[in-house]
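Worksheet: one structure, shown below.
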Amino acid sequence: MRLLLNLSANRTPVEFNHLHILAGALHKWLGPNEEHDGLSLYSYSWLQGGHANAHGLHFPKGA
């Protein structure tokens with residue numbers, strides 16, 4: 001299965017170590033399920049359409 005997420009523009013910088021936050025949001029959106037505490041064989045692709053500066057990542061048109 002593949003999920004394609006279209007994310008809106010951010011208002012605050014996205015931290016460079018954002019993957020654990022993204023995983024937490026995904027678990028929150030999915031809610032309780034039988035697979036939650038099982039083996040997780042998933043990976044994340046890159047967030048596209050942004051740029052970086054000293055404060056973090058910015059996605060003015062979303063990602």
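The values are calculated or read from the model by the stated rules, or taken from the named source; none is laboratory data. Remember, predicted model here, so these are calculated numbers, not experimental data. Virtual Cβ from ideal backbone geometry, glycine too; neighbours counted across all protein chains shown.
So that you can scan it fast, the table gives a plain yes or no per residue for (1) in a strand (DSSP E or B); (2) of a type outside the set (S, T, N, Q); (3) in contact with a helix residue (DSSP H, G or I) (Cβ under 8 Å, 6 or more places away or on another chain):
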| residue | (1), (2), (3) |
| --- | --- |
| ASN10 | no, no, no |
| LEU26 | no, yes, no |
| GLU34 | no, yes, no |
| LEU39 | no, yes, no |
| TYR44 | no, yes, yes |
_The listed residue being among the hydrophobic types (A, V, I, L, M, F, W, C) and within 12 Å of the chain's Cα centre (by Cα), out of LEU22, LEU30_ = LEU22
*Restricting the first residue to the range 1-20 and requiring it to be exposed (fewer than 12 other Cβ atoms within 10 Å of the Cβ), which pairs with a second residue that is in a loop (DSSP other than H, G, I, E, B) meet a Cβ separation below 8 Å and a spacing of at least six or different chains?*
ASN6/GLY62; ASN6/ALA63; SER8/GLY62
_What pairs come out if I take residues in the range 43-61 that are among the basic types (Lys, Arg) and pair them with residues that are in a loop (DSSP other than H, G, I, E, B) whose C-beta lies under 9 Å away, six or more apart or interchain?_
LYS61/ALA9; LYS61/GLY49; LYS61/GLY50
*asked:* Could you check the range 43-63 and list, in sequence order, the residues that are at pLDDT below 85, surrounded by 10 or more Cβ atoms within 10 Å (Cβ to Cβ) and of a type outside the set (A, V, I, L, M)?
replied: TYR44
